[in-house]
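Here the structure is laid out as structure tokens; the discussion comes afterwards.
The values are calculated or read from the model by the stated rules, or taken from the named source; none is laboratory data. Because the structure is a prediction, the values reported are computed rather than measured. Accessible surface is based on the protein model in full, side chains and every heavy atom, while ligands, DNA and RNA are left aside. Shrake-Rupley method; radii C 1.70, N 1.55, O 1.52, S 1.80 Å.
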Amino acid sequence: HAGRANLAVQVDVAVRARLRAQARAALARTPDPYAMRPLYVPPPTYPDVTFPRLSLGLLGLCFGHFLGDTAAVYAGYCPSVRYRVGALAIALDPAMLAVEEARVPYGAFALRPGVTYALVRGRNETWGSELYLSVGLDVYVPTGPRRPSAAFFGAHGGLGVQATDGTWVFGAEWRLTSRVAFEPALLGDGTATNVSAFRLGSEARLFVGFEF
């Protein structure tokens with residue numbers, strides 16, 4: 001009986017060893033379906049860029065000119081102030097300008113209300129970024145002792161781009177501008193120069209700020 005029991009144990013061990021060897025061989029012949037696949041890394045998540053948003057480009061500069069017999073050039077502080085509702089935004093865009101026209105320097109305060117519309121928008125974390133079209137009206141109020149004797153009115157239209165991560169905003173814009181005075185705008189001392197005629201011009205704007 002002891003011999004039979006010992007034989008049975010040996011047979012059981014041999015069978016188990018053979019089964020394990022067969023299982024290992026079968027596993028080696030079976031390709032791993034995940035062996036050649038790249039490791040899946042879930043995409044990062046970003047805070048939602050929700051609307052409406054207030055965009056304040058408080059560090060803003062602009063440079064521009066108006067054509068004509070008494071060509072005007074100007075530069076100044078031009079912050080970007082916009083209330084954005086999706087692709088549409090309402091813009092205020094005030095400015096404080098230093099102007100030189102007909103070789104006469106003077107200052108001007110400007111307000112350029114208008115609207116912008118996003119032609120192309122970003123995705124994911126750059127959802128607030130856009131390429132946009134801008135149109136609006138312009139009012140220039142000259143200041144200083146040698147200022148023209150009347151205000152100027154005009155309009156603008158242009159293209160701009162702004163990049164934002166939902167907090168910081170960076171932008172640039174180019175505009176075609178116009179201006180006219182509805183009464184004689186006399187500039188200079190003595191024989192004053194009338195600068196009230198309709199003029200076309202252009203302006204470049206750069207701004208940095210934040211939005212929320």
Could you order ARG146, ARG123 by accessible surface area, starting with the largest, using a probe radius of 1.4 Å? ARG123, ARG146
Could you tell me the center-to-center distance, by alpha carbons, between region 47-123 and region 163-212 in angstrom? 7
How much accessible area does TYR83 have with a 1.4 Å probe, in Å² rounded to the nearest 10? 110
